[in-house]
Amino acid sequence: METVIFFCLLIYKFARPDDKTAVLDLWLIFLLLVYNISGGLLPDPNLPGSVFIQEIIAYGTGFITPSYFPYYVYKGFGLKKMRFHAFRGVYICLVFPYVLFVIAYGVSGKMSIAQNLLILPVLYAVWVINSLVGALKYKYSGNFSTSESKEELIGLLLSLTPWVGLPVIVYFDLGQVIEASVTNTGFLLLLSLHLKNHISLFRKEHQRLIQSETQLRNWNSTLQEEVERRTHELIKITEQRTNTLVNLAHETKTPLTLIDNYLEEYIAKNGNEEELSIVKRSLWKITTDISNIFDLERLNRGMFLFNHNQVTNFSEVTNDCLALFGPYCQKIGISLHSSVQKDILIKADPVAISRILTNLVENAIKFSVNGGTVEVLLENDGNKIRLSIKDLGIGIPLEMHKKVFEPYFQLNSPKASTQGMGLGLPMVKKIVQELNGEISLNSDPRRERGTLIAVSFRHHPLSIKDKLSAVSFQGGKIRDIGIEKLNLKKIVHDERKKTILVVEDNVSMVNYLQRKLSDKYNVTVALNGNDALHIVRVPGSPFDLIISDIMMDKLDGLNLARVISEDADLAHIPFLFLSAKTTAAEKLQGLKLGAIGFIPKPFSIQELMQQVDSIITHSEKQRKAILSKAIDHLSIMNGHSENKPTNGTDYFEANCKLYKLTAREKAIAKLVCEGYKYKEIGEKLFIAERTVTKHVQNIFEKVDVSNKIELINKLAG
């Protein structure tokens, strides 16, 4: 029976390895098995070994097994007051007497003499019983009225009592049957009591799991209903916003068309100027983006945008499109090569085919480097019609191949000012899917430059009537697609003007701001945050203001402001944001980084100029005020305020004579004390800045100082 229990507990332990109580039970059953086997077999003269050794082993298991009892009840039943017996008492009152028993038996050679020492375990058992009752009182706070406490008290006492009688049984030699029956019954009763408590605990855990499962099921049901409700609300809100956006795009088309037509008429009458070209380019970009938003949303809703029940001459549409792009490519220095097979017909709307060609060729041109090449190939191999556009531009990383076909995704590019809204390729993909075609992208900037986009359509056999009715599409002239070169106004640096750094990635905006601000200030430009840092960190390049966009490649405006604010040599430069990102959170973030102001795009140039004037004027006043206060503070700290003459000029003159300064050195020292820079001193005295620097070094040596503050303190303090 104990063997079966042992293996059942072993299986349970493997099933629940975290349950520590199973280990306690396993050790108890194991010790009982060892005790029963050794007590039943030993001593036996037929077995190898001396009878003395066999007796020692048999009695040893009889001592060791009850030694486990205090530890078992201490851990298994949570009887904290049994700790002494579990870790010390058994060694003093059981293990030590066993050692004496072995010595007495070995010396006398008579078991009867050694058995007299069994009185010690009997007395210890009485002590353990008393301690057990006390531990149970402590556990249940002296209350034995509950059934649980009564069962535990009676069970533990009954399981221990047979071991009190064990020495009596051995002493009077009542036989192994009685001995084994009494001792095993006691320990099996102890095990049963522990297992009963364990089963009760399992039942409680099971009941809690059932309750938790019910609560979880109810919670999931409630959560699912809430998710469905919120999802429905979000869908409704999203649909409303989309409808508003589409309606806005639709309503904007009419005024944009009127503006475009009147602009064309004005240019035809009065000629084209550079400013008008910029207006045309910006207008064309807005019109294209709005059309793409409107058309892509209609396609996503399953609305019919194109009529594909007509035959289009793919070759003629391609040639017409390339002819319109040709002059523009020559203008910006990009070679456009094509190989177009004649009379390739496709059953599709010519407007759709033109949109595919325009978007793909336009992208290839936009992202090509100066002097690059764009190749267009159209061929029919009998089974499929293939269109491929290849450029030698910046390329598209492998991880971005799928994303570029998602609406509104923009690939970061050094030529950020050429980017649209990320709707061109999604529009192309939608049209290709409508025509049951395929589109593929081949590009890996890590291996080589360039991008190859290929579109293929199934070739449908066409009747003679279809071929005769084939149409081409002349989409009108291709406007300036938005690539503007950096065309800065050539200006000689004026030492009398303040210096401004403009950080903006849109080339058109850079050109505009440089031309507008350069009439009053020295203007340096940078196309991203990294370039700006390189510029401001150049020695001898003092800037009075930084005007920066936020959204830029490499290093954006917010991170640029953070780096500037953390650099002790640059933190004094005022920072002004000029950006289309105008949410309250973005403004707050910019102001936390130390920005003086935040002007949203679109902006008024008059407002910008006024802001710049105010910031620079305020900074100049603040600089002089700080310098003046520093001088006064140093004077007070050194006690000069009490001793200096009433006339400050006389005091300065007296010090100049004291340190034997020349007339030129005295004039320069006076301007230094008044807070002027070396450049300003040179302008006032009509000498070079280098000469001023040399004189200041001589003054420092004569006065025995190392900086301006010490000089001011000694001469004007």
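See the values below:
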| item | result |
| --- | --- |
| Peptide ranges 394-407, 425-438 listed from the most packed, as the mean C-beta count within 10 angstrom indicates | 425-438, 394-407 |
| Over the chain, relative contact order from alpha-carbon pairs under 8 Å, at least 6 apart, % | 6 percent |
| Listed pairs K520/K554; K75/K204; K657/K684; K390/K490 exceeding 27 Å between Cα atoms | K520/K554; K390/K490 |
| Relative packing of peptides 24-36, 62-74 - highest average C-beta neighbours within 10 Å first | 62-74, 24-36 |
| Radius 12 Å from Cβ of V340, net charge of other residues (Lys, Arg +1; Asp, Glu -1) | -3 |
| Eligible aspartates and glutamates near K694 by straight Cα distance, threshold 14 Å, same-chain separation 8 or greater | E665 |
| Cα-based helix-to-principal-axis angle, 96-108 vs the chain, degrees rounded to 10 | 40 degrees |
| Eligible lysines near K331 by straight Cα distance, threshold 19 Å, same-chain separation 8 or greater | K280, K285, K366, K415, K477, K485 |
| Listed values [x] 16, 43, 33, 7, 0; [y] 12, 24, 15, 15, 21, 12, 1; [z] 17, 48, 31, 3, entry calculated as P(r) over Cα pairs in 20 Å bins from 0, in percent | [y] |
| Only Lys, Arg (+1) and Asp, Glu (-1) charged, at Cβ; the chain dipole about Cα centre in debye | 1100 debye |
| Ordering of 174-182, 319-327, 572-580 by packing [mean C-beta count within 10 Å, highest first] | 572-580, 319-327, 174-182 |
| Backbone HN-Hα couplings from phi across the stretch 333-340 [Karplus 6.51/-1.76/1.60, Hz, Gly and Pro as x] | x, 10, 7, 10, 10, 9, 9, 10 |
| For R447, R386, R664, order by how many other beta-carbon atoms lie within 10 Å, fewest first | R447, R664, R386 |
| Cα-based helix-to-principal-axis angle, 648-658 vs the chain, degrees rounded to 10 | 80 degrees |
| Shape metrics for the stretch 2-209, restricted to C-alpha atoms - Rg then Dmax, Å | 18.3, 64 |
| Where chymotrypsin sites (Phe, Trp or Tyr not before Pro) fall in DSSP loop in the stretch 654-717, at most 13 other Cβ within 10 Å | F686 |
| Summed residue charge, Cβ within 10 Å of N522's Cβ, Lys/Arg positive, Asp/Glu negative | +1 |
| Where only alpha carbons of the stretch 308-468 are counted, the Rg and the Dmax (Å) | 15.7, 50 |
| The chain: angle of helix 147-171 to the longest principal axis, Cα-based, in degrees nearest 10 | 50 degrees |
| Reachable aspartates and glutamates from K347, criterion Cα separation under 15 angstrom, eight or more residues apart if same chain | E316, E434, D466 |
| Proximal charge balance of G540 [Cβ under 15 Å; K/R count +1, D/E count -1] | 0 |
| Percent RCO, i.e. relative contact order, over the stretch 499-605, from Cα pairs under 8 Å lying at least 6 residues apart | 23 percent |
| Amide H partners (placed H, <5 Å) of V523, local residues excluded | I500 |
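Throughout, read-outs are computed from the coordinates displayed, never taken from laboratory work. In this text, all values refer to a predicted model and were calculated from it rather than measured experimentally. Cβ coordinates were reconstructed from backbone atoms using ideal geometry, including for glycine residues, and neighbour counts include every protein chain displayed.
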